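Report on the structure given below.
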Amino acid sequence: MASGPPGAGPLDAAAGPLGTAASGPLDAAPPGPSATADAASDDDPAGAAPVEPITAVPVRHPWRWVGVAVIGLLLAMAANSLVTNPRFEWDVVWDYLFSEQVLRGVWATVYLTVYAMAVGIVGGVLLAVLRLSPNPLLRGASWVYTWFFRGTPVMIQILFWGAIGSLYPRLSIGIPFGPEFVSGRANDLIPVLAAVVLGLGLNEAAYMAEIVRAGINSVDPGQVEAAHALGMGRLLTLRRIVLPQAMRVIIPPTGNETISMLKTTSLASVIAFTELLYAVQLIYARNFRTIPLLIVAGIWYLALTSVLSVGQYYLERHYDPGGRPSGGPSGFRLKGAAR
Amino acid sequence: MTEPTDNGTRPVPMVLAESVHRTFGRHQALRGVSLRVEPGQVCCLIGPSGSGKTTLLRCVNHLEKIDAGRLWVDGELVGYREHKGKLYELHERDVARRRADIGMVFQRFNLFAHMTALENIIEAPVRVRRERRADAIERARALLERVGLGDRADSYPARLSGGQQQRVAIARALAMRPKLMLFDEPTSALDPELVGEVLDIMRGLAAEGMTMIVVTHEMGFAREVADTVVFMDGGVVVEAGSPAEVLGNPRHERTQAFLSKVL
């Protein structure tokens, strides 16, 4: 790299693409590269003279090193505190991390997330379809639902469902103002699990509705026209043509919602549903080891969301239109047809 | 007012439009268009962009509603039912049933992007016509063979060239055994060297006696294949007749001006 004539190589490479006429005479002096200027037009330039990679002194970034020093210092302080402050009680954390009570709470958090998201996704699709319906009554109903459930805190909604028994002590299914077919005490018909799932799920449905709606709107209207022109009805078109293509847009934010839901399930503790947070609360109510047990819960939440994040990464890569070259059944690309 | 049959002396026209109007907000896309296409005929709609050709085509299978006038396909009023002099809007189900008998080919192909060529073709026969899947597949393969794409059955649209996509789209429309085919500028989105392969298939269809309405800028195709050429401008039919009359010897200034630019 240091010798004279080869050193001119990089300069040629830089001048070539610019197409300057001056590069010709400059090249003519050194023996090797002289061929490039003449041969470039009709021969493969790479074959005429080997192209040398650019070697330049990189720009220095002194502030990065300052940043590294500051962050390193903070990390060291944190680590020091974690190790030396006995009140973290790591032995207690370790004792309870895999205790049966905590594991049961972890399991409850997982299935609560699944149930609530199931209610949210099904409800969200329904609401989105209603919202895009030509019937103004259905559109309005969907809008009011979203307005209400997004406009009130989910904590209140959960508390509300938990306390439904005090509002309607008896629930029944029957003809309005007529005979009842099924009836019972509200607290029996809506156990605490159902109250939590309703509270979380109905709220989630309002958010999912917006996501599904965005997905449906992302599908090229030409796809719908083509389906209609073939004699396919509105619902058939939605189910067979629109929703499968909307998935590309719907799935990534749904992953985010699931991760968010996993953490939001901790609100179920307010109506004494024994999910992960309430499980550790029950324990520290007895032994007053509040910090270590909250750390236990934190570790589990972090572990679960990390697993979901990995899944999310693969899902997003799978549905990213530009991410994969394959035109497979789910990794399809809309470039040609959509725009 | 009854359906326009001539007591069996002449066949019912496949498409009959009488003074059709269509307005988008303030823009009058169609201002009283009348048109008659007999079964087995090929009708080419030509004219500058914005002249209402595509709107008229979309009205024929009720993708657009008409605001005034009457439009019949095969003796049936499009989008409405007439009973004792009153018009009743058709239920979506009945609109869909009638559309199933009319094939449509779009400028931008509009193949279902998440389905292979074969799946695109069998979708409507299986879901709308309730054909057995195996029968539909067999027929779809024959149709693909016919449009010269027998080896691309499992390709997704994104993997096909524009010309190939449009040929699959034609096969998809034919799979419903339509009595009428509508083509909305089928070659306008194609690279010039791919236009021929699509026009060849349309020529073949015309030769077999398919009734076709073709919105096109391909004057050569219109001259060679069309039974009638309709020149539209500003939402009205300016001139209609045989290709020799309209393309060879246009009587109206506007037709002459248009043809002098495109020929």
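The values are calculated or read from the model by the stated rules, or taken from the named source; none is laboratory data. What you see is a predicted model; the values in this text were computed from it and never measured. Please note: Cβ atoms are built from the backbone with ideal geometry, for glycine as well, and neighbour counts cover all protein chains shown. Side chains are part of the model used for accessible areas, which takes the heavy atoms of the whole protein and leaves out ligands, DNA and RNA. Shrake-Rupley method; radii C 1.70, N 1.55, O 1.52, S 1.80 Å.
Candidates B:L118, B:L111, B:L87: the one that is farther than 30 Å from B:D151 by Cβ and aliphatic (A, V, I, L, M) is B:L87.
The set of residues in the range A:56-91 being in contact (Cβ under 8 Å) with a residue 24 or more places away in the chain and open to solvent by 80 Å² or more (accessible area, probe 1.4 Å) consists of A:R87, A:W90. Checked against (1) crowded, with 24+ Cβ neighbours inside 10 Å; (2) outside any helix (DSSP H, G or I), B:A169 passes all but a single condition, namely (2). Condition (residue is open to solvent by 70 Å² or more (accessible area, probe 1.4 Å), assigned to a strand (DSSP E or B) and within 13 Å of another protein chain (Cβ to nearest Cβ)) applied to the range B:25-42: is it met by at least one residue? No, because not a single residue in the range B:25-42 is open to solvent by 70 Å² or more (accessible area, probe 1.4 Å), assigned to a strand (DSSP E or B) and within 13 Å of another protein chain (Cβ to nearest Cβ).
Considering B:L144, B:L199, B:L205, the condition of being part of a helix (DSSP H, G or I), farther than 30 Å from B:R36 by Cβ and not β-branched (V, I, T) is satisfied by B:L144 alone. A count restricted to the range A:253-272 and to residues that are over 13 Å from A:L200 (Cα atoms) and in contact with a Leu (Cβ under 7 Å, 6 or more places away or on another chain) stands at 2.
Go through the range B:160-185 residue by residue and tally those that are at positive phi and under 10 Å from the mean Cα position of the chain (by Cα).
Step one: of the range B:160-185, the residues at positive phi are B:177, B:185.
Filter once more, so that each one left must be under 10 Å from the mean Cα position of the chain (by Cα): B:185.
Matching residues across the range B:160-185 total 1.
Beta carbons closer than 7 Å, at least 6 apart along the sequence or on distinct chains, pair a first residue in the range A:279-299 that is buried (at least 19 other Cβ atoms within 10 Å of the Cβ) with a second that is at pLDDT below 95 and not in a helix (DSSP H, G or I) for A:R289/A:E89; A:P292/A:E89. Selection of first residues in the range B:68-85 that are at negative phi and of second residues that are of a type in the set (F, W, Y), restricted to Cβ pairs under 7 Å at least 6 apart or on distinct chains, gives the following pairs, ordered by first then second residue: B:V78/B:W72; B:Y80/B:Y88; B:R81/B:Y88. Of the helices (runs of 4 or more DSSP H) lying entirely inside the range A:172-269, those carrying at least 3 residues that are touching a residue at least 24 places away in the same chain (Cβ under 8 Å) are A:192-218, A:243-264. The set of residues in the range B:206-227 that are touching a helix residue (DSSP H, G or I) at 6+ places or on another chain (Cβ under 8 Å) and surrounded by 19 or more Cβ atoms within 10 Å (Cβ to Cβ) comprises B:A206, B:M212, B:I213, B:V214, B:V215, B:T216, B:E218, B:F221, B:A222, B:V225, B:A226. Is at least one residue of the range A:230-244 farther than 28 Å from B:A96 by Cα and polar (S, T, N, Q)? Looking for residues that are farther than 28 Å from B:A96 by Cα and polar (S, T, N, Q), one finds none in the range A:230-244, hence no. Look at A:V192 and say whether it is more than 19 Å from the chain's Cα centre (by Cα), within 14 Å of another protein chain (Cβ to nearest Cβ) and surrounded by fewer than 22 Cβ atoms within 10 Å (Cβ to Cβ). Criteria not met by A:V192.
One residue stands out among those in the range A:200-251 that are among the hydroxyl-bearing types (S, T, Y) and open to solvent by 10 Å² or more (accessible area, probe 1.4 Å): the one that is nearest to the other protein chains (Cβ to nearest Cβ), which is A:S218. Please indicate, with yes or no, whether at least one residue in the range A:81-90 is of a type in the set (D, E) and not in a loop (DSSP other than H, G, I, E, B). Scanning the range A:81-90 turns up no residue that is of a type in the set (D, E) and not in a loop (DSSP other than H, G, I, E, B). Among the numbered conditions (1) closer than 30 Å to A:L193 by Cα; (2) surrounded by 11 or more Cβ atoms within 10 Å (Cβ to Cβ), the only one that A:E100 does not meet is (2). Residue check: is B:V78 touching a Cys at 6+ places or on another chain (Cβ under 9 Å) and open to solvent by 10 Å² or more (accessible area, probe 1.4 Å)? Taking the combined requirement at face value, the residue satisfies it. Just one of the listed residues (B:A117, B:A124) is among the small types (G, A, S), under 22 Å from the mean Cα position of the chain (by Cα) and more than 9 Å from chain A (Cβ to nearest Cβ), and it is B:A117. Restricting attention to the range B:127-157, the residues that are open to solvent by less than 10 Å² (accessible area, probe 1.4 Å) and more than 9 Å from chain A (Cβ to nearest Cβ) total 6.
Within the range B:240-263, take every residue that is assigned to a helix (DSSP H, G or I) and of a type in the set (G, A, S) and give me the one that is nearest to B:L35 (Cα to Cα).
Going through the range B:240-263, the residues assigned to a helix (DSSP H, G or I) turn out to be B:243-248, B:253-262.
Adding the requirement that they be of a type in the set (G, A, S) leaves B:244, B:248, B:257, B:260.
Details: B:A244: 18, B:G248: 21, B:A257: 22, B:S260: 25 Å.
For the range B:240-263, the residue satisfying everything is B:A244.
Counting the residues of the range B:64-104 that are in contact with a strand residue (DSSP E or B) (Cβ under 8 Å, 6 or more places away or on another chain) and either in a loop (DSSP other than H, G, I, E, B) or within 9 Å of another protein chain (Cβ to nearest Cβ) (or both) gives 13.
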